[in-house]
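*Asks:* Mind looking over this structure? Questions follow.
The values are calculated or read from the model by the stated rules, or taken from the named source; none is laboratory data. Computed from a predicted structure; not experimentally measured. Positions of Cβ are backbone-derived with ideal geometry, glycine not excepted, and every protein chain shown enters the neighbour counts.
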Amino acid sequence: MSTVIKGGTVVTADLSYEADVLVEGGIITEIGKNLSGNETLDATGCYIMPGGIDPHVHLEMPFMGTHSADNFESGTRAGLAGGTTMVVDFCLPEPGQSLMEALAIWQQKSGSACSDYSYHMAVTWWGEKVFDEMEEVVGRGINTFKHFMAYKGALMVDDDEMFASFSRCSELGAMPLVHAENGDVVATLQQKLLAAGNNGPEAHAFSRPPEVEGEAANRAIMIADMAGVPLYIVHTSCEQAHEAIRRARQKGMRVYGEPLIQHLTLDDSEYAHPDWDHAARRVMSPPFRDKKNQDSLWAGLQSGSLQVVATDHCAFTAEQKRFGIGDFTKIPNGTGGLEDRMPMLWTHGVRTGRLTMNEFVAVTSTNIAKILNMYPKKGAVMVGADADLVVWDPNRSKTITAKSQQSVIEYNVFEGKEVTGLPRFTLTRGKVAVEESTMKDNPGHGKFVGRDPYPAVNKALSKWKEITAPRKVERKPENMPAGV
Ligand code: DUC
Ligand code: ZN
Ligand code: ZN
Ligand code: ZN
């Protein structure tokens, strides 16, 4: 069985050129002119791009007393509908739980995935067992460890734990990720706001100002530098965090930043909406920011100081959001976006002239494939690469609405937005999952993608060895000050 995609323009992170693409056994086997296969997909007028990779999703995630509503099946189906052919979810051990035990639970949950997937392992507590198990986790093809600097009393780890875990990552050739918000300050601000009678969703953004993110980003960067590891900062939402990343990169550190499509296109005026439900449905952390912060994120994508656009897809139903009536700190944090990331970024990035098509491919797929050490299996249109492809029709339009979305929740934060630029076909390892906006069901088709440890980079920049092994100063007793 072979499939040929004919008549389109191949668009990668580097190049755009006219060619047909031949797919056999789930792999790209030939790229060239006048190719033929058993099945032909007409790509006339379309761009053939690497399928999107969303490195930040929470499917069926236990969180804030409930579970996020989309599971691996509906979540990956939403991804495919919007041209995303791979997701990376966060395996989340409960504090005290074995990492391997949590991993077994995640493996069970992801059996229904319609597209390929991988995991980041979260370090939600610290101890000898975690230290030991991290090696086994790396052995299972998970080379990234997530740390929450917020969610005090739940997922948060503090600085000694982060430093120990980052140092362990360094030994194992793994990379730490951080959710950068100062959880102690957030908890204090939340209590202050509640005490003053501010219990609505509009208070959420005031409890998590850009400063708490900027502080945590700077702190994580310094700790990563001392531990001698690269660092990936998830959901970079403001100038303060972006500035920290720029500065670190300028010094030569491998620090990566990931804006979300929500932060790029929606702003904090959403929280002032008179309808409680409208505002609560947009509560996520970090919160939506103002226009100035949005401009900073776009500038980062343009200049390369920010590398990846993700979603943090963490969908909660309207009913789940209502757990927080009367207390904004109990509104489950999270918004959806998997289906809309690529069309929204094309519409607001490429069509406005902010990003080139090649930059679009870089920030939705290729950069993260490289950062997570799975390129060119993923993120490439190349002979030998997985045939995770999207045939992108730049002229196809729709109005985003929850009525026709794949996500199981009953609303969409992008409701009513017009997008131009949608998949004509989405292929997951050669299998057509979307054809002219019609989904073809394939639960269980998705496979786990293992990722090898990183080569030793960034060590040269670390001051860690100086800190742990200072040259001992030899003193003669007579030179010592009294009392020493
Ligand atoms: N932020 C969210 O909004 N949801 C999931 C976890 C997170 O950090
Ligand atoms: Zn501690
Ligand atoms: Zn987060
Ligand atoms: Zn997240």
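*Asks:* Could you please find all residues in segment 266-277 being touching a residue at least 40 places away in the same chain (Cβ under 8 Å) and outside any helix (DSSP H, G or I)?
*Replies:* Within segment 266-277, just Leu266 meets the criteria.
*Asks:* Conditions: (1) in a helix (DSSP H, G or I); (2) under 24 Å from Thr317 (Cα atoms). Pro287 meets all but one. Number of the miss?
*Replies:* (1)
*Asks:* Scan segment 77-89 and tell me whether some residue there is among the hydroxyl-bearing types (Ser, Thr, Tyr), surrounded by 21 or more Cβ atoms within 10 Å (Cβ to Cβ) and either closer than 25 Å to Met1 by Cα or within 16 Å of ligand 2 (Cβ to nearest atom) (or both).
*Replies:* First pass over segment 77-89, keeping only residues among the hydroxyl-bearing types (Ser, Thr, Tyr): 84-85.
Then drop every residue that is not surrounded by 21 or more Cβ atoms within 10 Å (Cβ to Cβ), which leaves 84-85.
Now restrict to residues that are either closer than 25 Å to Met1 by Cα or within 16 Å of ligand 2 (Cβ to nearest atom) (or both): 84-85.
Yes, segment 77-89 contains at least one residue that is among the hydroxyl-bearing types (Ser, Thr, Tyr), surrounded by 21 or more Cβ atoms within 10 Å (Cβ to Cβ) and either closer than 25 Å to Met1 by Cα or within 16 Å of ligand 2 (Cβ to nearest atom) (or both).
*Asks:* Can you list residue pairs whose Cβ atoms sit under 6 Å apart, with the first residue in segment 278-305 being within 16 Å of ligand 3 (Cβ to nearest atom) and the second being of a type in the set (A, V, I, L, M) and in a loop (DSSP other than H, G, I, E, B)? Count only pairs 6 or more apart in sequence or on different chains.
*Replies:* Arg282/Val413; Val283/Ile331; Phe288/Leu266
*Asks:* Mind counting the residues in segment 69-104 that are away from ligand 4 (no atom under 16 Å from the Cβ), of a type in the set (Asp, Glu) and more than 20 Å from Thr144 (Cα to Cα)?
*Replies:* 1
*Asks:* For segment 17-60, which fully contained strands (runs of 3 or more DSSP E) count at least 3 residues that are touching a residue at least 60 places away in the same chain (Cβ under 8 Å) and within 16 Å of ligand 1 (Cβ to nearest atom)? Spell out the reasoning first.
*Replies:* On the way: elements: 20-24, 27-32, 39-42, 47-50, 52-57.
Those strands (runs of 3 or more DSSP E) span 52-57.
*Asks:* Now, a different point. Does segment 293-309 contain any residue that is closer than 19 Å to Thr366 by Cα, surrounded by fewer than 24 Cβ atoms within 10 Å (Cβ to Cβ), among the aromatic types (Phe, Trp, Tyr) and touching a helix residue (DSSP H, G or I) at 6+ places or on another chain (Cβ under 8 Å)?
*Replies:* Yes, that holds for at least one residue.
One line per residue, one yes/no per condition, for (1) within 19 Å of Met374 (Cβ to Cβ); (2) away from ligand 3 (no atom under 16 Å from the Cβ):
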site	(1), (2)
His56	yes, no
Gly83	yes, yes
Asp89	yes, no
Gly96	no, yes
Met100	no, yes
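*Asks:* Can you name the residue in segment 210-241 that is within 16 Å of ligand 3 (Cβ to nearest atom) and assigned to a loop (DSSP other than H, G, I, E, B) and, of all such residues, is surrounded by the fewest Cβ atoms within 10 Å (Cβ to Cβ)?
*Replies:* The residue in question is His235.
*Asks:* In addition: Tell me whether segment 243-265 contains one or more residues that are over 25 Å from Val363 (Cβ atoms), assigned to a loop (DSSP other than H, G, I, E, B) and touching a residue at least 40 places away in the same chain (Cβ under 8 Å). Working first, answer last.
*Replies:* So in segment 243-265, the residues over 25 Å from Val363 (Cβ atoms) come out as none.
No, segment 243-265 has no match at all.
*Asks:* Does segment 194-217 contain any residue that is β-branched (Val, Ile, Thr) and in contact with a Lys or Arg (Cβ under 9 Å, 6 or more places away or on another chain)? Before you say what the answer is, go through the steps one by one.
*Replies:* Let us first name the residues in segment 194-217 that are β-branched (Val, Ile, Thr), namely 212.
From what's left, in contact with a Lys or Arg (Cβ under 9 Å, 6 or more places away or on another chain): none.
No - not one qualifying residue is present in segment 194-217.
*Asks:* Looking at the structure I just gave you, is Thr76 part of a helix (DSSP H, G or I) and either β-branched (Val, Ile, Thr) or at pLDDT below 95 (or both)? Break it down into steps so the answer makes sense when it comes.
*Replies:* Working: part of a helix (DSSP H, G or I): yes; either β-branched (Val, Ile, Thr) or at pLDDT below 95 (or both): yes.
Yes, satisfied.
*Asks:* Anything in segment 101-150 that is polar (S, T, N, Q) and under 14 Å from Val87 (Cβ atoms)? List them, or say none. Reasoning before the result, please.
*Replies:* Let us first name the residues in segment 101-150 that are polar (S, T, N, Q), namely 107-108, 110, 112, 115, 118, 124, 143-144.
Result: Ser110, Ser112, Ser115, Ser118, Thr144.
*Asks:* Moving on. Listed residues Thr66, Thr40, Thr9; which is within 16 Å of ligand 4 (Cβ to nearest atom), at pLDDT 95 or above and surrounded by fewer than 23 Cβ atoms within 10 Å (Cβ to Cβ)?
*Replies:* On the way: Thr40 fails: within 16 Å of ligand 4 (Cβ to nearest atom); Thr9 fails: within 16 Å of ligand 4 (Cβ to nearest atom).
Going through Thr66, Thr40, Thr9 in turn, just one is within 16 Å of ligand 4 (Cβ to nearest atom), at pLDDT 95 or above and surrounded by fewer than 23 Cβ atoms within 10 Å (Cβ to Cβ): Thr66.
*Asks:* Ok, one more. Go through segment 1-16 and count every residue that is without any contact (Cβ under 8 Å) to a residue 60 or more places away in the chain, closer than 20 Å to Asn358 by Cα and assigned to a loop (DSSP other than H, G, I, E, B).
*Replies:* Qualifying residue count, segment 1-16: 1.
*Asks:* So in segment 310-320, with the set limited to residues that are more than 13 Å from Val363 (Cβ to Cβ) and buried (at least 24 other Cβ atoms within 10 Å of the Cβ), which one is nearest to ligand 3 (Cβ to nearest atom)? Explain how you work it out, then say what you get.
*Replies:* Initially, segment 310-320 is screened for residues more than 13 Å from Val363 (Cβ to Cβ), giving 312-320.
From what's left, buried (at least 24 other Cβ atoms within 10 Å of the Cβ): 312-316.
Details: Asp312: 6, His313: 12, Cys314: 8, Ala315: 15, Phe316: 14 Å.
Per the criteria, the residue is Asp312.
*Asks:* Would it be correct to say that Ala220 is in contact with a helix residue (DSSP H, G or I) (Cβ under 9 Å, 6 or more places away or on another chain), modelled with pLDDT of 95 or more and away from ligand 4 (no atom under 16 Å from the Cβ)?
*Replies:* Numbers: in contact with a helix residue (DSSP H, G or I) (Cβ under 9 Å, 6 or more places away or on another chain): yes; modelled with pLDDT of 95 or more: yes; away from ligand 4 (no atom under 16 Å from the Cβ): no.
No: the conditions fail for Ala220.
*Asks:* I would also like to ask the following. Out of the residues in segment 139-165 that are closer than 26 Å to Ala369 by Cβ and more than 19 Å from the chain's Cα centre (by Cα), state the one that is nearest to ligand 4 (Cβ to nearest atom).
*Replies:* Ser165
*Asks:* A further question follows. Show the residue pairs meeting these rules: Cβ distance below 8 Å; 6+ apart or different chains; first residue within segment 147-167 and under 13 Å from Asn182 (Cβ atoms) and near ligand 2 (Cβ under 10 Å from one of its atoms); second residue in a helix (DSSP H, G or I) and charged (D, E, K, R).
*Replies:* Cβ pairs passing all conditions: Asp159/Arg219.
*Asks:* If Glu171 passes every condition in (1) within 18 Å of Val138 (Cβ to Cβ); (2) more than 16 Å from ligand 2 (Cβ to nearest atom); (3) under 22 Å from the mean Cα position of the chain (by Cα) but one, which one does it miss?
*Replies:* Going through (1) within 18 Å of Val138 (Cβ to Cβ); (2) more than 16 Å from ligand 2 (Cβ to nearest atom); (3) under 22 Å from the mean Cα position of the chain (by Cα) one by one, Glu171 breaks only (3).
*Asks:* Given the condition closer than 22 Å to Phe166 by Cα, under 21 Å from the mean Cα position of the chain (by Cα) and away from ligand 1 (no atom under 16 Å from the Cβ), answer yes or no: does some residue in segment 255-273 qualify?
*Replies:* Pass one, segment 255-273, residues closer than 22 Å to Phe166 by Cα: 255-258.
Cutting the leftovers down to under 21 Å from the mean Cα position of the chain (by Cα) gives us 255-258.
Next, only the ones that are away from ligand 1 (no atom under 16 Å from the Cβ) stay: 255-256.
There is at least one residue in segment 255-273 that is closer than 22 Å to Phe166 by Cα, under 21 Å from the mean Cα position of the chain (by Cα) and away from ligand 1 (no atom under 16 Å from the Cβ).
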